[in-house]
Amino acid sequence: MDLATTVVSSDGTLTAEAGAAADPQAAVDCFYVYPTVSTDPTDNSDLSTDPAELNVIRQQFARFGSTCRPYAPLYRQVTLAGLRRMIAGGGGGASLSRGLQYDDVRDAWRHYLEHDNQGRGVVLVGHSQGSYILAELIRQEIDGKPVQSRLVSAILLGATVAVPRGRDVGGTFQHLPLCRAAAQVGCLIAYASFRTTVLPPVNTRFGKVADQGMVAACTNPAALGGGSGTLRAYLASDGRTIVGVSPAPPWVVPARPINTPWVSVPGLLTARCTSNEHATFLEVTVKGNPSDPRTDDISGDLVTAGRVAADWGLHLIDVNLAMGNLVDIVGQQAKAWLARPGLTRPTPSRPRTPEGPTLR
């Protein structure tokens with residue numbers, strides 16, 4: 001997959017960055033469950049690989065191939081059409097974590113453990129529907145069980161995971177704490193992102209927990225220890241997201257052609273975990289400077305009938321916003337997991353192709 005990137009500096013300089021190649025000798029695995037993207041007209045998708053599934057792999061998972069051996073099982077997910085019907089009927093995230101979609105991922109996970117894992121460390125990566133399914137998988141199949149010793153980390157983005165107020169463990173999971181350092185293993189990274197200028201409203205879809213003793217987990221991949229940090233985003237140069245295209249502003253003014261599929265904007269985006277009266281969330285600030293030639297904004301909002309859907313936040317680019325940070329964290333976690341006392345470094349059971357992750 002083409003991961004070539006144009007780095008757009010604040011002074012307008014454009015620099016080429018080659019995408020990191022997939023590492024066929026990666027010492028840990030990544031098991032990815034993709035979000036709601038299927039354009040099939042039925043409530044649940046079939047098991048055919050369509051452009052929608054390939055696009056989301058490029059958007060959210062291909063770069064992880066430089067640090068881990070990738071697995072991305074196809075599953076009969078709730079489709080975009082099915083999700084609209086579910087929302088109209090009052091269903092929420094919990095509804096996505098049971099049914100055919102969960103059964104398929106559970107079976108893929110069990111198959112992976114039996115035939116491919118061979119005692120290796122594994123990172124679980126999910127977004128939206130994928131995160132809700134993985135949360136249920138962790139709850140039923142991993143949390144507090146012997147296989148948890150193989151869990152390098154879980155990255156569950158664009159969903160709501162509950163933790164007790166003021167604590168790092170408990171709530172949705174009983175034995176999986178939040179990650180507070182890049183080299184910490186056996187921990188959880190979770191967030192839902194919102195702009196500083198469009199904060200979660202009363203009807204927010206993410207970051208809100210009914211239990212007054214609980215809050216939504218938020219771990220800032222740009223500053224796991226707390227506070228604010230700089231996001232290392234990889235955004236589609238044409239404004240494409242996981243479901244469609246949001247017209248991208250000119251990356252520089254005057255506009256110049258961008259000939260790579262991806263753009264990086266160092267220093268433009270910062271983030272911190274915070275709360276308002278409605279939710280706990282990752283607050284993303286665009287630090288545009290009108291006096292420099294680089295864009296002062298990014299696209300990626302969900303827009304319906306010409307208006308930004310504030311209740312969704314920056315859901316469509318949750319993963320893109322912190323892609324560089326997340327890949328770096330997984331690399332550090334892999335090293336820490338392998339350095340544990342008494343651990344024998346496993347050997348990859350088979351080489352990976354240079355194309356990177358595939359749906360299987």
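The values are calculated or read from the model by the stated rules, or taken from the named source; none is laboratory data. Treat the numbers as computed from the prediction; the structure is a model and nothing was measured. We place every Cβ from the backbone using ideal geometry, glycine too, and count neighbours over all the protein chains shown.
Numbers for the structure displayed
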read-out	value
Residues located in the stretch 210-226, provided they are at pLDDT 95 or above and hydrophobic (A, V, I, L, M, F, W, C)	Met214, Val215, Ala216, Ala217, Cys218, Ala222, Ala223, Leu224
Verdict on Tyr132 being aromatic (Phe, Trp, Tyr), part of a helix (DSSP H, G or I) and under 19 Å from Ser38 (Cβ atoms)	yes
Residues of the stretch 164-214 satisfying the condition of being under 25 Å from Val330 (Cα atoms) and among the β-branched types (Val, Ile, Thr)	Val169, Thr172, Val185, Ile189
Every residue from the stretch 238-257 that is surrounded by fewer than 16 Cβ atoms within 10 Å (Cβ to Cβ) and not in a loop (DSSP other than H, G, I, E, B)	Gly244, Val245
When residues of the stretch 221-237 are limited to those that are in contact with a Phe, Trp or Tyr (Cβ under 7 Å, 6 or more places away or on another chain) and part of a loop (DSSP other than H, G, I, E, B), the one nearest to Val122 (Cα to Cα)	Tyr234
Single condition Thr260 does not satisfy, out of (1) of a type in the set (Val, Ile, Thr); (2) part of a loop (DSSP other than H, G, I, E, B); (3) buried (at least 21 other Cβ atoms within 10 Å of the Cβ)	(3)
Qualifying residue in the stretch 170-191 (condition: closer than 30 Å to Asp296 by Cα and in contact with a Phe, Trp or Tyr (Cβ under 8 Å, 6 or more places away or on another chain))	yes
Extreme residue, surrounded by the most Cβ atoms within 10 Å (Cβ to Cβ), among residues of the stretch 158-171 that are under 26 Å from Arg340 (Cβ atoms) and under 21 Å from the mean Cα position of the chain (by Cα)	Val161
Scope the stretch 172-215; condition under 17 Å from the mean Cα position of the chain (by Cα), part of a strand (DSSP E or B) and over 16 Å from Val284 (Cβ atoms); matching residues	Leu178, Cys187, Leu188
All positions within the stretch 132-149 that are closer than 21 Å to Trp337 by Cα, charged (D, E, K, R) and touching a Phe, Trp or Tyr at 6+ places or on another chain (Cβ under 9 Å)	Glu141, Asp143
